[in-house]
Amino acid sequence: GPKFVNMFYRFARFIMIKRIKKISVGTHIPFAAAVMWEPADMYIATARHRVAYNKLLQILQRKDFVVQEYREKAQ
């Protein structure tokens, strides 16, 4: 449900941030710090979050649909 998708999205973001920090150590890439940056305009940040959240939801729904179709054809 929606709570699982929200938890999965937050977990994926957490893992992405940890991986970026690990990869960028010693390279002087400021991207890892930029990921944690809080934008001044929270309206734009909320809109970007909603777009990313909806895209993840669409991907998960598409995967679920494909899995269900595969199970139906396998029977």
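Before moving on, here are some points about what is shown:
- Along segment 49-61 the Karplus relation, 6.51 cos²θ - 1.76 cosθ + 1.60 evaluated at θ = phi - 60°, assigns HN-Hα couplings of 4, 5, 5, 5, 4, 5, 5, 4, 4, 4, 5, 5, 5 Hz to successive residues, with x for each Gly and Pro.
- Bridging of LYS73 to lysines at a Cα separation below 23 Å is possible for LYS63, once same-chain residues fewer than 8 apart are set aside.
We did not get these values from a lab; they are worked out from the coordinates using the rules stated. Computed from a predicted model, the values in this text were never measured in an experiment.
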